[in-house]
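Only the coordinates and a few stated rules stand behind these numbers; no lab work does. Because the structure is predicted, anything quoted here is derived from the model rather than measured. Here the Cβ is made from the backbone with ideal geometry for all residues, glycine too, and neighbour counts use every protein chain on show.
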Amino acid sequence: MSAFVDFQNVWLAYNDELWAQGQFAVEDLNLQIDEGEFVAIVGPSGCGKSTFMKLTTGLKQPTKGHITIGGEPVTGPLKITGMAFQAPSLLPWRTTLDNVLLPLEIVEPYRSSFKAKRKEYAAKARALLESVGLGGYEDKFPWQLSGGMQQRASICRALIHEPKMLLLDEPFGALDAFTREELWCALRDLQAAQKFNVILVTHDLREAVFLADTVYVMSKSPGRILAKREIELPRPRDLEVTYTPEFTGIVHELRAHIGAMRKPASIQTTTEIAQ
């Protein structure tokens, strides 16, 4: 069975001048993501994680190589994706419910039937909000919600049009540790119920290991896939697993990859160089 997301020898330079100079943001990306798989991308700042997201959504086209998603070549922005970012970016003049409904107002095929089906769509949005613990907050405005509540609403907005793939760029980075872990569990449950693909960009290795089926480590710029780690911890996972030796061992293994990138060549040991 072919992969749902397939990157074949993908390179990206942001303009022709950089291409002529051989300066690429990412180079030689090869990865295959199965349908329903949860993938996390980790690596140091500036390694090309966000560039990878732009390539996956079709917002950027590769300079070299090929990308197919759902068996189709990516030639422009995709409608089958939903996105959420570190800042929730909810519209302050719209209620929580109306913020979640926004994609259905502007994305076909929902847009043309939005007025006629608004009651049906609103019921769907309320059920989604209920599933992430925001039942009763539908008529509140963003400024009446905590940061964690706003991020839950943002994820609901990204999922309301039932995308096949959810792209998350540091979605929990600005939240406190307890709220972050609550949202890990909310996302875990949504993905388990709906089976959509997730690509999560994060600096948090614990987050990556807790949520993902597979973690990719990217190198310093120009970004390459440095390591692939399948997370074999059984599902469903609860927060207790984060205290087990198996979990911390995987986190330390991934941290070692990133630590090796940051170590100046002059202080590498003879053994490291030999490896």
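When the residues of the stretch 49-78 are narrowed to those that are of a type in the set (Val, Ile, Thr) and part of a strand (DSSP E or B), which ends up surrounded by the fewest Cβ atoms within 10 Å (Cβ to Cβ)?
Only one residue tops the list, namely THR68.
Here is a yes/no grid of residues against (1) touching an Asp or Glu at 6+ places or on another chain (Cβ under 7 Å); (2) surrounded by 21 or more Cβ atoms within 10 Å (Cβ to Cβ):
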{"position": "TRP143", "(1), (2)": "no, no"}
{"position": "ARG152", "(1), (2)": "no, yes"}
{"position": "LEU166", "(1), (2)": "no, yes"}
{"position": "LEU175", "(1), (2)": "no, no"}
{"position": "PHE178", "(1), (2)": "no, no"}
{"position": "CYS185", "(1), (2)": "no, no"}
{"position": "ASP189", "(1), (2)": "no, no"}
{"position": "LYS195", "(1), (2)": "no, no"}
{"position": "THR202", "(1), (2)": "yes, yes"}
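Please determine whether any residue of the stretch 114-137 is polar (S, T, N, Q), surrounded by fewer than 18 Cβ atoms within 10 Å (Cβ to Cβ), over 16 Å from the mean Cα position of the chain (by Cα) and part of a helix (DSSP H, G or I).
yes
Kindly indicate the residue of the stretch 51-67 that is over 16 Å from the mean Cα position of the chain (by Cα) and among the basic types (Lys, Arg) and also farthest from LEU200 (Cα to Cα) among those meeting that condition.
LYS64
I'm told SER45 meets every condition in (1) farther than 30 Å from ALA256 by Cβ; (2) touching a residue at least 40 places away in the same chain (Cβ under 8 Å); (3) surrounded by fewer than 13 Cβ atoms within 10 Å (Cβ to Cβ) except one. Can you identify the failing condition by its number?
(1)
Scan the stretch 90-113 and give yes if some residue there is among the aromatic types (Phe, Trp, Tyr) and surrounded by 20 or more Cβ atoms within 10 Å (Cβ to Cβ), otherwise no.
No, that holds for no residue.
Would you be able to say whether some residue in the stretch 12-31 is surrounded by 19 or more Cβ atoms within 10 Å (Cβ to Cβ), farther than 20 Å from ASP213 by Cβ and free of Cβ contacts under 8 Å to residues at least 60 places away in the same chain?
The answer is yes, given that some residue of the stretch 12-31 is surrounded by 19 or more Cβ atoms within 10 Å (Cβ to Cβ), farther than 20 Å from ASP213 by Cβ and free of Cβ contacts under 8 Å to residues at least 60 places away in the same chain.
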